[in-house]
Amino acid sequence: MSILIYAENQNGKIAKSAKELASYAKAYADKTGQEVIAVGVEINQPEELYQYGVSKVLNVKNETLKTFNAFAHADLVTQAALQTGADLVLISDSNDAVYMGPILAAQLEAGYVSHVISLPEDTEQFTVKRKVFSNKGIAYTEILTDNKLLRIAKNSFGLYESPVNGSTENFVPEVDLSVYETYKVVNVEKATGKISLTDADIIVSGGRGLKGPENWGMVEELAEVLGAATACSKPVADLGWRPHTEHVGQTGKQIAPNLYIAIGISGAIQHLAGVNGSKNIVVINNDPEAPFFKAADYGVVGDAFEVVPQLIEKLKTFKNN
Ligand SMILES: Cc1cc2nc3c(=O)[nH]c(=O)nc-3n(C[C@H](O)[C@H](O)[C@H](O)COP(=O)(O)OP(=O)(O)OC[C@H]3O[C@@H](n4cnc5c(N)ncnc54)[C@H](O)[C@@H]3O)c2cc1C
């Protein structure tokens, strides 16, 4: 038996989430003695996955399959699982994988658990922790079927290098390409050339406390110094101060970076629902009673217009030294 991961890529470059799936799979494989195998389409540098414990990469070379289609990709993952004898399949929390998950679960006749944030507690009883209620609770869920499918929450496990000697094979699945006749992607326009919010390790976010779009320079500068992505609260996007692609929260993007810096954001429950998966939360707010401080790991009570420029200067000095 082996563990199979579905390794997504962007224009051939392996996604960070694929390396996280590999890290998770390898950590579990170290307990069970299983082999970790990856399947993906047109991966440019499959050897990058060997660094994270993948000993075999099944690389599909097919122009049509380069474009994601949930039915076609579910087919190819199912065939890879059957060929490799995988009883545990891992997918990420990407939009594509979320769409494909239920189809794959039906094909594999697998128990399917999403939003997973931990390894199974032991190898006898397959129980994993998953986020529920917009990250406000944790459910312990046991899978009872022989085949298991897990959707791992982004940034919940982390990246752990564990190099192995790997190999890559061309994999030629028998996929019914007529599913591509139902719809096709005509054009892809990237929302921004900057770091994507869902992949970012660090996010600097601004709220209505920043008063207006003209004050976003310091948010962007702080983000640049930290190599971070920028985000905002819902009203900020509604007011047109920032694009809606940056809006995080219950009705916006759900994020889980290692560090989330919230500037001039009150910490309403709808905002927290999208950000409380962050590993460390820093809140800068001039109101000591702001609800966000209750969810913060570190808090600065102060005027953002004084605190943020000083923080930028300190970070620049730190980096120069
Ligand atoms: C159905 C529904 C869904 C929603 N979904 C979302 C969502 O997905 N995401 C989201 O963000 N919101 C969402 N909201 C809105 C949410 O309830 C809050 O209204 C919103 O998050 C508040 O945004 P804010 O914190 O930027 O603004 P405010 O509530 O106006 O807070 C501004 C904060 O800035 C502080 N401040 C002011 N001046 C300064 C200064 N000079 N320096 C430092 N701090 C300062 C203030 O003390 C205050 O805490 C939703 C609401 C509903 C009803």
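Bear in mind these aren't lab numbers, they're just calculated from the coordinates by the rules spelled out. Values in this document were obtained by computation on a predicted structure and should not be read as measured data. Please note: Cβ atoms are built from the backbone with ideal geometry, for glycine as well, and neighbour counts cover all protein chains shown.
Annotation: the antiparallel percentage among DSSP beta bridges lying fully within region 1-120 is about 10. Between the listed residues His247, Val283, Leu222, the Cα displaced farthest toward the positive end of the dipole of region 202-320, a dipole computed from Cβ unit charges relative to the Cα centre, is found at His247. Under the definition of Cα pairs under 8 Å and six or more residues apart, what whole-number percent is the relative contact order of the chain? Reported as a whole number, the value is 14 percent. Taking other C-beta atoms within 10 Å as the exposure proxy, Tyr183, Tyr99 rank Tyr183, Tyr99 from fewest upward. Secondary structure note: in the chain, about 15% of the DSSP beta bridges are antiparallel.
Subtracting the Cα-Cα distance of Ile103 and Leu239 from their residue separation scaled by 0.36 nm leaves 45.1 nm.
Could you line up Thr230, Thr64 from fewest to most neighbouring Cβ atoms inside 10 Å? The partial results should precede the final answer.
On the way: Thr230 22, Thr64 13.
So the residues, fewest neighbours to most, are Thr64, Thr230.
Quick check on region 202-320: take the gyration tensor over C-alpha atoms, sort the square-rooted eigenvalues as a ≥ b ≥ c, and tell me if it's rounded (a/c under 1.5), prolate or oblate. All intermediate terms of the calculation are to be shown ahead of the outcome.
Working: a/c = 1.35, a/b = 1.25, b/c = 1.07.
Judged from the Cα gyration tensor, region 202-320 comes out rounded (a/c under 1.5).
Got a sec? How would Ile203, Ile103 order by Cβ neighbour count within 10 Å, fewest to most?
Ordered by Cβ neighbours within 10 Å, fewest first: Ile103, Ile203.
Could you work out the longest stretch of the chain that avoids the trypsin sites (Lys or Arg not before Pro) located in DSSP loops with at most 13 other Cβ atoms within 10 Å? Longest run free of exposed loop sites: 212-321.
Provide the packing ranking of 71-79, 239-247, i.e. peptides ordered by the mean count of other C-beta atoms within 10 Å per residue, highest first.
On the way: 71-79: 22.4, 239-247: 16.9.
Output ranking for 71-79, 239-247: 71-79, 239-247.
Applying the Karplus relation 6.51 cos²θ - 1.76 cosθ + 1.60 with θ = phi - 60° to region 219-231 yields 3J(HN,Hα) values of 5, 5, 5, 4, 4, 5, 4, 8, x, 9, 8, 10, 9 Hz, where x marks Gly and Pro.
Students often forget the sequence filter, so: which lysines lie under 23 Å Cα-Cα from Lys316 once same-chain residues fewer than 8 apart are removed? Qualifying lysines at Cα under 23 Å: Lys194.
Just list whichever of Lys154/Lys294; Lys56/Lys129; Lys131/Lys154 have alpha carbons separated by over 22 Å in the model shown. Present the calculation step by step, with values, prior to reporting the outcome.
On the way: Lys154/Lys294 24 Å; Lys56/Lys129 28 Å; Lys131/Lys154 11 Å.
As for pairs spanning more than 22 Å Cα to Cα, those are Lys154/Lys294; Lys56/Lys129.
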